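The values are calculated or read from the model by the stated rules, or taken from the named source; none is laboratory data. Since we're looking at a predicted model, the values are computed, not measured. FYI the Cβ positions are ideal-geometry reconstructions off the backbone, even for glycines, and counts take in every protein chain you see. SASA here: full protein model, heavy atoms, side chains in, ligands and nucleic acids out. Shrake-Rupley method; radii C 1.70, N 1.55, O 1.52, S 1.80 Å.
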Amino acid sequence: MSMTNELKEKSRSGIPQVQFDNGEVDLAITPQCRSLHSKHCPSKGLIVGFVFLLVTICLGEPKYLCIDVSEGASAQEFPVSEMDKVPDNGWGDEYKTDKIVLLRIPDVEKPFYIGVFEITQRQWELVTGKRPSYYKNENCYAKRPVEKVSYDDIRGKDKGSKYPGSSDVDESSFIGILRAKAKLNMLDLPTRRQWELASREPTGIAVSDPVVITRRGRFGVNPGYYLDPKAASADCAADNGTSEVGSYEPNGRGLYDMEGNVTVWCLDSCDLTDKRITKLGGGIDESHPFGAIRVLKGGNCQMGHCGFHDDYRHYTARRCSDPTGCVKRLDLIGKCCSPSVIYGQSASLNSNNIGLRIVVAQ
């Protein structure tokens, strides 16, 4: 039986699957809209995650990297430092504006660091000197994720368009500037596999429980799950746009907004014949040069059907005016926003629901 047919058979049996680019397949958590508790399916990721956690501890690898971009676009360099733990007072605003902090993720193939937060508008401005975003009200633009940035803006249209044939980027691109000034040649967008590993729990479990997802990210109209209750009264996302990064609960690794806020670019090209690929708004330009259709991951703030606050509140209180519809909407969250969902779009597209998160490979 082929891998594709085997996946279909297992899917029919009610066991959802997550498949990485290299063909590796792991079990995912089954979305259970009728229960507030996830059901964990055992996988080899449990063992692998535990082993690499021990290795990381024993080798004494720094848990975090921090890139200081506070000097802005005129700086000659961006200093990089190491951290062993979250600051005692938590991730303050400086880590969402003047500094970019990344968490180390153990990996069988190659460990890497990935951004604790999505790149914010202030961070993009400090690196490039530009402010491209749509949601840019002066009161709180700085900590909202940058959007309206294309894959080409991030890596460049010339050298940056050649991946996977080359990892080079245009010197004037966001990644090009950041690489050069931070002296981190392995800094880039995450591959699809890296993003999926980071989105999982430390045990290797992939969460697709819709109730969990709605608490972890900004979707259409679910502002009620802010970590800081005071944030709701000063909600920058009252227009149903993005929220400040870190406003919702982190995932099991301590990464914020892996689900919701903005969908993020990944390095990989998209195979348009792969039936798992979903268009994310607009049309895919199939006449674009080879390699220009790129992977996107994660839900975003404009996915109104993913995470209606009222639906969740009424459902938990058993007060749904339409119980059937309520369950269906919760079910859609798991189907549309789980880590295994893949979107594809032209590298030249810039949209107010697409941003980025960076990685540094070791």
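What to note about this one:
- Test for Lys99: is it without any contact (Cβ under 8 Å) to a residue 60 or more places away in the chain, in contact with an Asp or Glu (Cβ under 6 Å, 6 or more places away or on another chain) and within 22 Å of Ser74 (Cα to Cα): yes
- Take the conditions (1) surrounded by fewer than 21 Cβ atoms within 10 Å (Cβ to Cβ); (2) within 18 Å of the chain's Cα centre (by Cα); Val116 misses just one of them, which is (1).
For every residue, the table says whether it meets (1) open to solvent by 10 Å² or more (accessible area, probe 1.4 Å); (2) under 13 Å from the mean Cα position of the chain (by Cα); (3) modelled with pLDDT under 70; (4) over 22 Å from Pro210 (Cβ atoms).
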position	(1), (2), (3), (4)
Ser247	yes, no, no, no
Pro250	yes, yes, no, no
Arg253	yes, yes, no, no
Tyr256	yes, yes, no, no
Thr263	no, yes, no, no
Ser269	yes, no, no, yes
Lys275	yes, no, yes, yes
Ile284	yes, no, yes, yes
His288	yes, no, yes, yes
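- Residue within region 216-227 that is under 15 Å from Asn300 (Cα atoms), part of a loop (DSSP other than H, G, I, E, B), of a type outside the set (D, E, K, R) and at pLDDT 90 or above present: no
- Reported count of residues in region 70-89, each being open to solvent by less than 20 Å² (accessible area, probe 1.4 Å) and free of Cβ contacts under 8 Å to residues at least 60 places away in the same chain, is 1.
- Residues located in region 135-158, provided they are open to solvent by 30 Å² or more (accessible area, probe 1.4 Å) and either closer than 20 Å to Gly299 by Cα or free of Cβ contacts under 8 Å to residues at least 12 places away in the same chain (or both): Glu138, Lys143, Lys148
- Filtered by the rule that a residue be modelled with pLDDT under 75 and in contact with a helix residue (DSSP H, G or I) (Cβ under 7 Å, 6 or more places away or on another chain), region 228-245 gives Ala232, Asp235, Ala237.
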